[in-house]
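Where a number appears in this text, it was derived from the coordinates with a stated rule and is not lab data. Keep in mind the model is a prediction, meaning the values are calculated, not measured. For neighbour counting, all protein chains shown are included, and Cβ atoms are generated from backbone atoms with ideal geometry for every residue, glycine included.
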Amino acid sequence: MVARMIQLVAKPGRGKELQKAMLERSLQTLQDQPGFVEGISLTPETEQDQFVGISIWKSKSDADKFINGQGEQILEFCRPLLQTEPAFRSFQVENSTIYDASSRAATR
């Protein structure tokens with residue numbers, strides 16, 4: 001399994017608007033994607049103009065298809081709210097309470 005993280009920084013005072021746009025645009029879209037497992041949205045307590053999204057996928061291929069398709073459309077919709085370009089990171093999921101990643105690690 002693969003986890004993708006996106007960090008967004010909104011223009012000053014537009015954090016709530018960015019959060020709302022990301023949740024409304026991405027949640028249902030993510031749930032409809034092949035290979036999607038889980039999504040988490042985070043906002044720092046002290047930096048309300050930031051948003052972090054973490055999505056967990058069955059495979060890198062599934063994550064890539066979303067990022068290069070529907071994910072790019074969601075970002076284009078939110079771009080006017082952003083102060084900086086989005087930051088992306090990818091991770092291999094080693095353990096999870098929602099999925100037994102340890103059994104897959106043994107087969108790699």
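Below is a table of values for the structure above.
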quantity: Debye, to nearest 20: dipole size of the chain, +1 on Lys, Arg Cβ, -1 on Asp, Glu Cβ; calculated: 160 debye
quantity: For the chain: Kirkwood Rh in Å [reciprocal of mean 1/r, alpha carbons]; calculated: 14.5 Å
quantity: Residue order, fewest to most beta carbons within 10 Å, for THR29, THR46, THR84; calculated: THR46, THR84, THR29
quantity: Potential lengthening between GLN70 and ILE98 on full extension [0.36 nm per residue; Cα-Cα distance subtracted]; calculated: 7.6 nm
quantity: Calculated FRET value between THR46 and LYS20, using beta carbons and R₀ = 25 Å, to 0.05; calculated: 0.80
quantity: Under 25 Å from LYS11, Cα to Cα: lysines that are on another chain or at least 8 residues apart; calculated: LYS20
